[in-house]
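Read through the structure below, which is laid out as structure tokens, and then see the notes.
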């Protein structure tokens, strides 16, 4: 078997292992907890409708409907199978609506914010780090750059609170919450007015993620850049009289950045956790807010569904990074594990 | 050379102008950080004698008072409630005094349990190698990519946690980092001369790990523990911000949660969230200082003693 194929299979295996681990924990814990999910659902319905007739019969009917009378292993396998087909069940709060419909509505907002914010912070952080680690960067720039990292040890949600207080409440430059202006609806439209409003709303959440996320990348890149600068090929490149820009990009950054890709894959879980809280702070119409709706209403199927999909999405992002990596660094697929 | 790393016997040290304070474990960053943490712990025991902590109960104080120095608002600040009160009539100072130690406790328990599991798994994996190593490494890597907040939310939604239960929930994820770190260290240490020597003299695996390797890893473990404590306090705060924290005892995260639920930001009630955040910042900073200090102890290259050349 070629190493490339082996590598791909290994990574795909990791993806399924991650999703399986996550799904299993989500499945087991609620069943260890005292109480019965169906009874909880009925209580939930009662708290909304005031009184539910024949609640005992309803519990029995629902138990049969959800297969809760089956043996545990059967339930478990069914849960895994349904989850993989994205059948996440009905939302308790918005009953006729299924969880997957709710997620389909909010997921694009999260993905847009996540992709842009992560991209910008990884790119910006690495650029700053590379310049900080590069000996030939002008002294003035080298002294100014660390200023950009002032907020890098602040948790994103704290940054979000601070930004809301200063730029939304104090200066009133940006909206306090929501992802889009009133009356525009959450279905994406390619009109100037809609896009403008969406960007206007996204600036502060983006900033909260960007300003706090950059520092980690910058420090990692700075270290790698300093190590790379000591390599023989760097000295040779300079001795050959190559232009500094070429040495910086083609010889320095290109080699120093490789471990950063692995770092992106490893920190994906943290990035997603951070963003969930930032979305919650801004009531941004993404998964974080959906999760909060689930929590506020005791909507267990919704919470479970959102968690599962996000675990899966994170694992998928990691898989993508892992699969792109050998294209950037061919040594990976040659080495024996 | 202006900077040299100083080593040697006491007499030689004195001659080189090195004082007692250059002893590695007396690192100023570590000391400052540790002092603040000890003060916070003491506050948990002694705070009740300094300030009336029953004021942390709802409806024990007037509502919505600003801090005492804000005099141009209605109602004006009252020195009886120096940091103001919230919309449930709870005194902010009492909330901080009771919240700070319980937030710290969550961090200590979660990181402690996580560290213990990490040490066991990391050493097993790194020292034994083979298929055991493969299994532990693969599962750790897979678990690392799971966003812990999401799983914790699912768990906390079912089990309304107390402070201790929440700490144990967090511990279910706190072993991943330490396992990875210790495995890497154990792998590199396994081949060192003194470990080989111990193996040649037929020491048991357990004694090699405990007697030969552990003492060398101590600063690493301590630095990692300090980092993990603040990491777990942060994770706990995340959970609490979603309203899933303990409801009986005030913690810093729950105080911020209630303030956000009462739209404190939009009402300009900055002291509702400002003081708990400030308290969290103090915790994070002190553990950050400790972690850096311990890191300098573990990596002597970071510790550049400034020795004057005369």
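Computed from the coordinates by the stated procedures, all read-outs in this text should not be read as laboratory data. Note that this is a predicted model, so its numbers are computed, not measured. Virtual Cβ from ideal backbone geometry, glycine too; neighbours counted across all protein chains shown.
Whole angstrom only: what separates the Cα centroid of region A:234-288 from the Cα centroid of region B:95-171?
Distance between centres, Cα-based: 27 Å.
Using only atoms on other chains, find how many Cβ atoms lie within 10 Å of each Cβ of peptide B:234-242 and report the average.
Per residue, the average neighbour count from other chains is 4.
Give or take rounding to whole Å, what are the principal axis extents of the alpha carbon atoms in chain B, in descending order?
That works out to 76, 58, 32 Å along the principal axes.
Distances longer than 14 Å among the Cα atoms of region B:164-204: what percent of all pairs is that?
63 percent
Distance in nm between label sites at residue B:261 and residue B:168, each 7 Å beyond Cα in the beta-carbon direction?
2.5 nm
With the contact rule set at Cα under 8 Å and sequence spacing of 6 or more, what percent relative contact order holds for region A:104-296?
Value for region A:104-296: 36 percent.
Please give, to one decimal in nm, the separation of the simple spin-label points placed at residue A:233 and residue A:320, each 7 Å out from Cα toward the Cβ.
According to this spin-label approximation, the distance is 2.9 nm.
Calculated FRET efficiency, residue A:203 and residue A:262, Cβ-Cβ r, R0 35 Å, to nearest 0.05?
About 0.70, to the nearest 0.05.
Taking every pair of distinct Cα atoms and averaging 1/r, then inverting, what Kirkwood hydrodynamic radius in Å comes out for region A:248-337?
15.4 Å
Using just the alpha carbons, could you tell me how many Å³ per residue the convex hull of region A:63-169 encloses?
201 Å³
If eta is 0.692 mPa s and T is 37 °C, what Stokes-Einstein diffusion coefficient results for region B:24-84, Kirkwood Rh from Cα pairs, in µm²/s?
The Stokes-Einstein estimate is 230 µm²/s.
In peptide B:280-287, how many Cβ atoms from other protein chains are near each Cβ within 10 Å, on average?
Other-chain Cβ atoms within 10 Å of each residue's Cβ, averaged: 1.
Could you tell me how many degrees, from 0 to 90 and to the nearest 10, lie between the Cα long axis of helix A:72-84 and the main elongation axis, the longest principal axis, of the Cα atoms of chain A?
Compared with the principal axis, the helix lies near 50 degrees.
If N is the number of residues in the protein assembly as shown, what value comes out of its Cα radius of gyration divided by 2.2 N^0.38 Å?
For the protein assembly as shown, the normalised Cα radius of gyration comes out at 1.05.
Using only Cα atoms, find the angle between the long axis of helix A:258-282 and the longest principal axis of chain A, and express it within 0 to 90 degrees, rounded to the nearest 10.
Taking the Cα atoms of chain A, the angle to A:258-282 is about 50 degrees.
Could you list the square roots of 5 times each eigenvalue of the Cα gyration tensor of region A:104-296, that is, the equivalent ellipsoid semi-axes, sorted largest first and rounded to whole Å?
38, 17, 16
So what are the three principal axis dimensions of chain A from its Cα atoms, in whole Å, longest to shortest?
The principal-axis extents, from largest down, are 86, 61, 38 Å.
Across peptide B:133-139, what mean number of C-beta atoms from other chains lies inside 10 Å of a residue's C-beta?
Going residue by residue through B:133-139 and averaging, the value is 1.
For region B:65-140, treating each Cα as an identical point scatterer without solvent, what Debye log10 I(q)/I(0) comes out at q = 0.14 1/Å?
These q points yield log10 I(q)/I(0) values of -0.61.
Show me the ranking of peptides B:48-55, A:212-219 by mean Cβ neighbours inside 10 Å, starting with the highest.
Listed from highest to lowest mean packing, they are A:212-219, B:48-55.
How high is the FRET efficiency between residue A:187 and residue A:144 when r is their beta carbon distance and R₀ equals 56 Å, given to the nearest 0.05?
Given R0 = 56 Å and the Cβ-Cβ separation, E is 0.85.
Nearest 10 degrees is fine. How inclined is helix B:214-241 to the longest principal axis of chain B, computing both from alpha carbons?
So the inclination is approximately 20 degrees.
Could you work out the relative contact order of chain B, using alpha carbon pairs under 8 angstrom and six or more residues apart, expressed as a whole percent?
Computed value for chain B: 28 percent relative contact order.
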